[in-house]
Every structure is written in C-alpha cells, then in structure tokens.
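The values are calculated or read from the model by the stated rules, or taken from the named source; none is laboratory data. Small disclaimer: the values here were computed from a predicted structure and weren't measured. Counting neighbours? That spans all protein chains shown, and the Cβs are built from the backbone with ideal geometry, glycine included.
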Amino acid sequence: MKILVPVDGSSYTKRMLAYLAAHDEWLGGAHTYTLLHTVPAVPPRAAAVIDKATLKAYYDDEAEKVLKPIRAFFARHKELKVDFVGKTGHAADTIIAQSDKGGYDLIIMGSHGHSALGNLVLGSVATKVLAQAKAPVLLVR
C-alpha cells in the first residue's frame, strides 16, 4: 500500500507516529511511505526581494527542522520504504495535490481534534483533506 503521511512536528504528529509504531500491520514491508511536510510560503512581496537561493535554503531548512527527528524514528525501522518530501504552500492544498499526483492508497495524519465550532472559526487542515482528498484518510487523535 502506498501511504502519504503529512507531518508538522507537533505533538499530534508524534501521537500519529506512536500509533503507527504500536500497530505492526502499518509497519510491514508491504507499505511504502511518503512523509510530507509543508512550509508556509513567504509572502510574495517579501519573496520578491530575496534571492531564489536564499529562499530555497530557508524552505529546505524549515522542512528539515520537522523531518530530522522523524527520520530518526524511521531509521529504527530499516525494513520500511520511506521518502521524505518538503513542499511549500498551504498545508491542506499541498497534501491534496501530493495525494492526487502520487496516486496514494491512504493518507494517515494526526489531527488536533478541534470541535465543529473550532473548525468553523479556526479552519482545519484535516477537515479540508477529508473533504477533498480522493484517497481514504485515517485521522489519529
């Protein structure tokens, strides 16, 4: 199974990774994982005055801050096929685009667990992914 795992480095990501580790059926060699971290884009006016190499280095560094500890988690599971991807943009839109483009069988992601009212006021990456992704979504709270 081809699985997309969006990560943000929060305690919700850690809880989702703990869920994966506790369930052997997710950690078998039959699955391939793509861990995706999305870095919010620098506002266009600011990006216009920064050279492209500096901006790319910033995005790469920000993604690596989140992905580095997760690499350590997956290093303990050498039998797993894992790719790490850093993208720039709005998290939900990037997750949906990556899922559609990559033809993933499943999206597994942590959720903050806001109430319906909280989602209305704050918005929710998980809610948007659930509503728009073509692949099934497993939310871990």
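Determine whether the range 60-74 contains at least one residue that is closer than 15 Å to I3 by Cβ and modelled with pLDDT of 95 or more.
no
V42 passes all but one of (1) outside any loop (DSSP other than H, G, I, E, B); (2) surrounded by 11 or more Cβ atoms within 10 Å (Cβ to Cβ); (3) more than 13 Å from the chain's Cα centre (by Cα); (4) at pLDDT 90 or above; which number fails?
Of everything listed in (1) outside any loop (DSSP other than H, G, I, E, B); (2) surrounded by 11 or more Cβ atoms within 10 Å (Cβ to Cβ); (3) more than 13 Å from the chain's Cα centre (by Cα); (4) at pLDDT 90 or above, V42 misses just condition (1).
Go through the range 69-80 and give me each residue that's more than 20 Å from D8 (Cα to Cα) and not in a loop (DSSP other than H, G, I, E, B).
None - no residue of the range 69-80 is more than 20 Å from D8 (Cα to Cα) and not in a loop (DSSP other than H, G, I, E, B), so the list stays empty.
If a residue has to be more than 20 Å from K14 (Cα to Cα), charged (D, E, K, R) and touching a residue at least 24 places away in the same chain (Cβ under 8 Å) to count, how many in the range 53-68 make the cut?
Counting residues in the range 53-68 that are more than 20 Å from K14 (Cα to Cα), charged (D, E, K, R) and touching a residue at least 24 places away in the same chain (Cβ under 8 Å) gives 1.
Here are A91, A30: which of them is of a type in the set (G, A, S) and crowded, with 16+ Cβ neighbours inside 10 Å?
After ruling out the rest, the residue left standing is A91.
Pick out the one residue from S99, S111 that is touching a Lys or Arg at 6+ places or on another chain (Cβ under 9 Å), at pLDDT 85 or above and surrounded by 15 or more Cβ atoms within 10 Å (Cβ to Cβ).
Checking each option against the conditions leaves just S99.
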